[in-house]
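The values are calculated or read from the model by the stated rules, or taken from the named source; none is laboratory data. This one's a predicted model, so the numbers in the text were calculated from it and none came from an experiment. Using ideal geometry, Cβ is built from the backbone for each residue, glycine included, and neighbour counts are taken over all protein chains shown.
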Amino acid sequence: MTFADLAQLATISYLNHLRGLQAEPASVLGAAIEALKSTLEAALAKRDALELSETTFSVADLVPLTLDQRTSLLNEYALGLGRPDRSVLVIGTEHAYELGRDEDLVNYCLESCAQPLVILTNGRTDIVERLTAGAVALPADRPFHVYPNDHYREGGTHTWARLAQVVGTGVEHWPGARPGLGDLCYQIELSAFPSQRNAGGRLPSLERLKFLERAMPVFARSGSVLLFHGKALDSEWEGARTRLIGSFLGRAPGHADWVDESERNRPLRHVTIGTRRVIVTRALANAGVTREFLERLAMLVRLGES
């Protein structure tokens, strides 16, 4: 399976979910579902040749919905950010935004509901601008799904800034950087349900895990390093990680295969099988993450890539 095949599978799976939702056609939810379905169906048929006028869904369709209605549109088959053929695959716990906040609906639109459209059209900036009612307007050579921080402009203590130190030289995080973080790694979330607070996250659903298990061999074709960050000491999340690790490596590692370099409140362990390495550590935005810790993590990534 190629990444293009995976993107098609993700879109079809999400469309099947939307077709199964029950809502009155004249209701705000019914209108949102219909606009989203018709837009994704057209994108599936035309890809980046999609007419701009065929993008009938936008963030405006999400605004009048209740929290439960917004949640019903959650995309369990959402892919990630960056270039999928990179040697480093990064898996976090969940996206950091809230479904109940109107100011976060652009995130939800681009990273969940309408994300298949963004990927199928190769991040066409005119389509992203229409989806977000003009809130995201980027140059044609800086598509959102590869360079999201050109829009978000997050600061130096954000997860992405610290991740840039791990996979690059530490400056690729800034808006407009060349190469950008998305040129150096591909990021995808373990759970499809977003949460701004670490404690508010939800475990990935069975459907999400099944999809990610199918996705791992696609990323493993070019990827040599899989980095998990977040919930490293949580036994409930460990079960989900274990399934994906086995899918990425080609077999489940035994206990003796792991090397544990954890110190105090800084969990860090890794396993290498053949030409692939998996690293598990804490959330990178945590205050306890030091420069020395990031340097050690960067060395483990570089060694795994070589």
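Assigned to a loop (DSSP other than H, G, I, E, B), under 24 Å from His158 (Cα atoms), hydrophobic (A, V, I, L, M, F, W, C) and touching a residue at least 12 places away in the same chain (Cβ under 8 Å): does that describe Ala283?
yes
Pairs under 7 Å by beta carbon, first residue under 16 Å from Ser112 (Cα atoms) and among the hydroxyl-bearing types (Ser, Thr, Tyr) in region 43-60, partner modelled with pLDDT of 95 or more and not in a helix (DSSP H, G or I), six or more apart or different chains?
Qualifying pairs under 7 Å: Ser58/Ala133.
Can you name the residue in region 1-40 that is among the charged types (D, E, K, R) and assigned to a helix (DSSP H, G or I) and is also farthest from Lys210 (Cα to Cα) among such residues?
Going through the qualifying residues, I end up with Glu34.
For region 46-91, enumerate the residues that are under 30 Å from Asp183 (Cβ atoms), surrounded by fewer than 17 Cβ atoms within 10 Å (Cβ to Cβ) and of a type in the set (A, V, I, L, M).
Passing the criteria: Ala49, Leu52.
Restricting attention to region 214-248, which residues are of a type in the set (Val, Ile, Thr), in a helix (DSSP H, G or I) and touching a residue at least 24 places away in the same chain (Cβ under 8 Å)?
Val218, Ile245
Here are some residues: Ala164, Ala192. Which one is part of a loop (DSSP other than H, G, I, E, B), surrounded by 18 or more Cβ atoms within 10 Å (Cβ to Cβ) and of a type in the set (Gly, Ala, Ser)?
Ala192
Results for (1) touching a residue at least 12 places away in the same chain (Cβ under 8 Å); (2) surrounded by fewer than 19 Cβ atoms within 10 Å (Cβ to Cβ); (3) in contact with a Ser or Thr (Cβ under 6 Å, 6 or more places away or on another chain); (4) not aromatic (Phe, Trp, Tyr), shown as yes or no for each residue.
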position	(1), (2), (3), (4)
Ala137	yes, yes, no, yes
Pro143	yes, no, no, yes
Gly170	no, yes, no, yes
Gly176	yes, yes, no, yes
Leu181	yes, no, no, yes
Leu184	yes, no, no, yes
